[in-house]
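Notes for the one structure printed next.
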Amino acid sequence: MNRFEGAISAHPVPFHGDGSIHWRDLERWYEYQLENGIQGLVLAGTTGESPTLHDEQDWINTRVIRAVNRKVPVIVGAGDYDTAVAVERTLKAHELGADATLHPMGWYNKPPQRGIMDYFNQVAEAAPIGVIFYNIPIRGASEYKPKTMIELAKRQHNIIG
């Protein structure tokens, strides 16, 4: 499992005025990050418009992961309301070469701590890469409680943050 440390930046997605992805600016962004010593990248976090990008996100993930070529670890957002979809996205991230996945919780459905436990147990059991909690209390409907996070980290070796 990769070690994650230092500055890891969230990846914004640049767009043209017509809403299409500005691929050259996308390349410039990660090239700039790598040239200036970034120690990891986050793709498909909520900063990167992942809730509104679908097929495009797979293209972005593929393109950036290939270009980065293991120079730094890459974390890919894979969370979803539907646990099965989160597992599928996690496996896809692994297939593309990501080092870990990032999972925000409960935008709308407000799962209790037991639901959070069930979600992460299923994702972590299926995941061949690291799994990271993405706790955003101001935006999420549910918050990861420290007791829940500790219990999950004890159960699942690949929950890494």
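Within the range 113-125, is there a residue that is part of a loop (DSSP other than H, G, I, E, B), open to solvent by 20 Å² or more (accessible area, probe 1.4 Å) and over 24 Å from R3 (Cβ atoms)?
no
Considering only the range 53-76, I want to know if a residue exists there that is outside any helix (DSSP H, G or I) and of a type in the set (G, A, S).
No, the conditions are met nowhere in the range 53-76.
So which pairs qualify, if the first residue must be in the range 97-110 and modelled with pLDDT under 95 and part of a strand (DSSP E or B), the second must be open to solvent by 10 Å² or more (accessible area, probe 1.4 Å) and of a type in the set (D, E, K, R), the Cβ gap must be under 8 Å, and the two must be at least 6 apart or on different chains?
P104/R139
Answer yes or no as to whether Q57 is under 20 Å from A100 (Cα atoms), under 18 Å from the mean Cα position of the chain (by Cα) and surrounded by 19 or more Cβ atoms within 10 Å (Cβ to Cβ).
yes
So, in the range 13-30, of the ones that are open to solvent by less than 70 Å² (accessible area, probe 1.4 Å) and assigned to a loop (DSSP other than H, G, I, E, B), which residue ends up modelled with the highest pLDDT?
That would be H22.
Are any residues in the range 31-41 open to solvent by 20 Å² or more (accessible area, probe 1.4 Å) and not in a loop (DSSP other than H, G, I, E, B), and if so, which ones?
The answer is E31, Y32, Q33, L34, E35.
So P73 clears everything in (1) open to solvent by 70 Å² or more (accessible area, probe 1.4 Å); (2) touching a Phe, Trp or Tyr at 6+ places or on another chain (Cβ under 7 Å); (3) not small (G, A, S) except one condition, right? Which one?
(1)
Of the residues A78, A93, A44, only one is at positive phi, touching a helix residue (DSSP H, G or I) at 6+ places or on another chain (Cβ under 8 Å) and open to solvent by less than 30 Å² (accessible area, probe 1.4 Å); which?
A44
The values are calculated or read from the model by the stated rules, or taken from the named source; none is laboratory data. Remember, predicted model here, so these are calculated numbers, not experimental data. Counting neighbours? That spans all protein chains shown, and the Cβs are built from the backbone with ideal geometry, glycine included. Heads up: the accessible areas ignore ligands, DNA and RNA and are worked out on the full protein's heavy atoms, side chains in. Shrake-Rupley method; radii C 1.70, N 1.55, O 1.52, S 1.80 Å.
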